[in-house]
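Read the structure below first, then the notes.
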Amino acid sequence: MKTKVEERFFEFFEKWMCQLDEYLQHLRRASEVYGAKTGCEHEQELQASVSKVTQHYKDYYTIKWALAYEDVLAFFCPIWISPLENAYSWVTRWKLSAVLKLVNSIRTNDVLSSSLVELTQEQMRKIEMLRVKIRLEEEREMERQQVAVVDTKMMELVRSVVRVKNGEEVRQVEGLVQVALKGVMVGLEKVMKVADYVRLRTLKGVLDVLSLLQCVEFLAGIGMLQILLRQWGKKRF
């Protein structure tokens, strides 16, 4: 049976993905007609498209954090995504390094158009610096997650269970269990939010390096990847 948080986020996520698909189609059209239009008006149109997509991602995290406050475990065992999508997740959402690999894939394979193939040496250097920084942050947040789960409260809980076996008051230990579990939930929520902040910084870091048209194509690539993973996951599972 779904919890209230699972039901609410399941419904939100379905609508969010549909909206993402619409934005993806708009981005692709904007990229295709770029060569046919010139001037500030079209650049403003492209910038508006990029802003809509980035805001769409921010809205996702706003809702996610609000519901995670009620039930954070729902996001560590998400029912709204397939096992295939979950396999590509890291601390409740997409892997940070996957974004940077996508930039390189687009650059080398020309999956959308020629714009990202034209990355300058300076852009490539900045992307590589960002990749190294993000890799370190990924490793650090994984360590934090482990610490959040196995902290002093959990160790105290283990000692309490031992005392119960030795005949101490059960009610007292039940209280300690609730305190320990609450501490774990708070820790997991913090880890999730920190990981999400790193994701948003990664996205912003890449967009800051790319040109306007490159941003359009990059965001279209991210959207395409998410939608295809979802379609494949639903067919298989």
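The values are calculated or read from the model by the stated rules, or taken from the named source; none is laboratory data. This structure is a prediction, so every number in the text was calculated from the model and none was measured. All Cβ positions, even for glycine, are placed from backbone atoms using ideal geometry, and neighbour counts span all protein chains on display.
So, in region 50-89, of the ones that are part of a loop (DSSP other than H, G, I, E, B) and touching a Ser or Thr at 6+ places or on another chain (Cβ under 8 Å), which residue ends up nearest to ALA220 (Cα to Cα)? Looking at the filtered set, the residue picked out is ILE81. For the condition buried (at least 16 other Cβ atoms within 10 Å of the Cβ) and of a type in the set (Gly, Ala, Ser), ALA66 does not qualify.
Each row is one residue, and each column tells you yes or no for (1) in contact with a Ser or Thr (Cβ under 8 Å, 6 or more places away or on another chain); (2) at pLDDT below 90; (3) in a helix (DSSP H, G or I).
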residue: ARG159; (1), (2), (3): no, yes, yes
residue: VAL173; (1), (2), (3): yes, yes, yes
residue: GLY183; (1), (2), (3): no, yes, yes
residue: GLU189; (1), (2), (3): no, yes, yes
residue: ALA195; (1), (2), (3): yes, yes, yes
residue: VAL206; (1), (2), (3): no, no, yes
residue: GLU217; (1), (2), (3): yes, yes, yes
residue: ILE222; (1), (2), (3): no, yes, yes
residue: LYS235; (1), (2), (3): no, yes, yes
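For region 12-29, a tally of residues being free of Cβ contacts under 8 Å to residues at least 40 places away in the same chain and either more than 18 Å from the chain's Cα centre (by Cα) or at positive phi (or both) returns 4. Can you name the residue in region 198-233 that is touching a Leu at 6+ places or on another chain (Cβ under 7 Å) and among the polar types (S, T, N, Q) and, of all such residues, is farthest from ALA98 (Cα to Cα)? Here the residue is GLN214. Only a single criterion out of (1) at pLDDT below 75; (2) crowded, with 17+ Cβ neighbours inside 10 Å is not satisfied by ILE81, namely (1). Within region 81-97, residues that are farther than 20 Å from TYR197 by Cα have Cβ atoms under 6 Å from residues that are among the small types (Gly, Ala, Ser) in these pairs: SER82/GLY233; LEU84/GLY233; GLU85/GLY233, counting only partners at least 6 apart in sequence or on another chain. Return a yes/no flag: does region 205-214 have any residue that is touching a residue at least 60 places away in the same chain (Cβ under 8 Å) and either under 23 Å from PHE75 (Cβ atoms) or basic (Lys, Arg) (or both). Taking every residue of region 205-214 in turn, none turns out to be touching a residue at least 60 places away in the same chain (Cβ under 8 Å) and either under 23 Å from PHE75 (Cβ atoms) or basic (Lys, Arg) (or both). Please work out if ARG29 is surrounded by 14 or more Cβ atoms within 10 Å (Cβ to Cβ) and either among the basic types (Lys, Arg) or not in a helix (DSSP H, G or I) (or both). For ARG29, the condition - surrounded by 14 or more Cβ atoms within 10 Å (Cβ to Cβ) and either among the basic types (Lys, Arg) or not in a helix (DSSP H, G or I) (or both) - is not met.
For (1) touching a strand residue (DSSP E or B) at 6+ places or on another chain (Cβ under 8 Å); (2) among the basic types (Lys, Arg); (3) within 18 Å of LYS52 (Cα to Cα), each residue gets a yes or a no:
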position: TYR197; (1), (2), (3): no, no, no
position: ARG201; (1), (2), (3): no, yes, yes
position: LEU212; (1), (2), (3): no, no, yes
position: PHE218; (1), (2), (3): no, no, yes
position: ILE222; (1), (2), (3): no, no, yes
position: GLN226; (1), (2), (3): yes, no, yes
position: ARG230; (1), (2), (3): no, yes, no
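Of everything in region 91-129 that is farther than 15 Å from ILE222 by Cβ and under 17 Å from the mean Cα position of the chain (by Cα), the residue that is modelled with the highest pLDDT is THR92.
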